[in-house]
Amino acid sequence: MMTKSAADGSSVNEFDANEGVEGATNLAAAYADAEESSSSGDQPKDEAIGTTYTWSSVGPTIDGDNGVDINAPGGAITSVPNWTLQKNQLMNGTSMSSPHATGCVALLLSACKAEGIKATPARIKRALQNTAKEMDGLSVLQQGSGMVQVDKAWQYLLDHRDDHDEDIHFNISIDNRAGSPRGVYLRQADEVAVRHTFSIRIDPR
């Protein structure tokens, strides 16, 4: 499942994106290159660099997860539905990058089916993350593993088609913490003012 977070914390699948979904790839970053960043007014033209949009979701999530696994193009997208009657419209944000990445996953699933390669969520996610391109100037909380590269992800799947370890995923839980959090996120002053000890459980499946 590919999810994206909206500005109000909701997602395309109508659940709180901060809670996450087991086996999901959390796509919450829309990338814009330097030209797009300057033309949108986010940055002065002579200082513009590639970045995520200012309203693109970043991590961490409230339950301690990184929040963003990968990013995808999300600026000046021209594939706008005809029913909008605005053929020159350009769309931006995670509403554009999430469908882009979903299409990449669809290509990988189709190719795996054609080649008889097992395609589990863990295998596909690992291929996407291990082959993503790290973008300069962005933190891991903004871009996750980096920009999706579907061609390299497919080559990764071919190279590891017989590796059963690619299908393993890990459930991470923090003992004695409410809500089954996926990590530790301390942000309030009273939380960081004292020493904490956490017991972390890692369950490979």
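The values are calculated or read from the model by the stated rules, or taken from the named source; none is laboratory data. Not measured: the values here are computed from a predicted model. Cβ sites come from the backbone with ideal geometry, for glycine too, and all protein chains shown count toward neighbours. Ligands, DNA and RNA are stripped out before the accessible areas are found, and what is left, the full protein with its side chains, is counted by its heavy atoms. Shrake-Rupley method; radii C 1.70, N 1.55, O 1.52, S 1.80 Å.
Data for the structure
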read-out	value
When residues of the range 171-181 are limited to those that are open to solvent by 60 Å² or more (accessible area, probe 1.4 Å) and within 18 Å of T61 (Cα to Cα), the one nearest to the chain's Cα centre (by Cα)	I172
In the range 72-113, the residues that are open to solvent by 80 Å² or more (accessible area, probe 1.4 Å), at pLDDT 75 or above and at positive phi	none
Selection status of S173, part of a strand (DSSP E or B), modelled with pLDDT under 90 and of a type outside the set (A, V, I, L, M, F, W, C)	yes
Yes/no for L128 being under 13 Å from the mean Cα position of the chain (by Cα), of a type outside the set (D, E) and at pLDDT 95 or above	yes
Pairs where the first residue, in the range 118-146, is under 18 Å from S57 (Cα atoms) and the second is assigned to a helix (DSSP H, G or I), C-beta under 6 Å, 6+ apart	M135/Q143; S145/Q129
Sole exception among (1) in a loop (DSSP other than H, G, I, E, B); (2) more than 26 Å from T52 (Cα to Cα) for K87, by number	(2)
Test for D151: is it open to solvent by 40 Å² or more (accessible area, probe 1.4 Å), out of contact with any Gly (no Cβ under 9 Å at 6 or more places or on another chain) and over 27 Å from G50 (Cβ atoms)	no
Residue within the range 182-204 that is open to solvent by 80 Å² or more (accessible area, probe 1.4 Å), assigned to a strand (DSSP E or B), under 19 Å from G59 (Cβ atoms) and among the aliphatic types (A, V, I, L, M) present	yes
Among residues of the range 155-164, those that are part of a helix (DSSP H, G or I) and open to solvent by less than 60 Å² (accessible area, probe 1.4 Å), counted	3
Any hit, the range 147-166, residues being under 17 Å from the mean Cα position of the chain (by Cα), more than 23 Å from G74 (Cβ to Cβ) and in contact (Cβ under 8 Å) with a residue 24 or more places away in the chain	no
Any chance I117 is open to solvent by less than 70 Å² (accessible area, probe 1.4 Å), of a type in the set (V, I, T), in contact with a Lys or Arg (Cβ under 7 Å, 6 or more places away or on another chain) and more than 20 Å from T52 (Cβ to Cβ)	yes
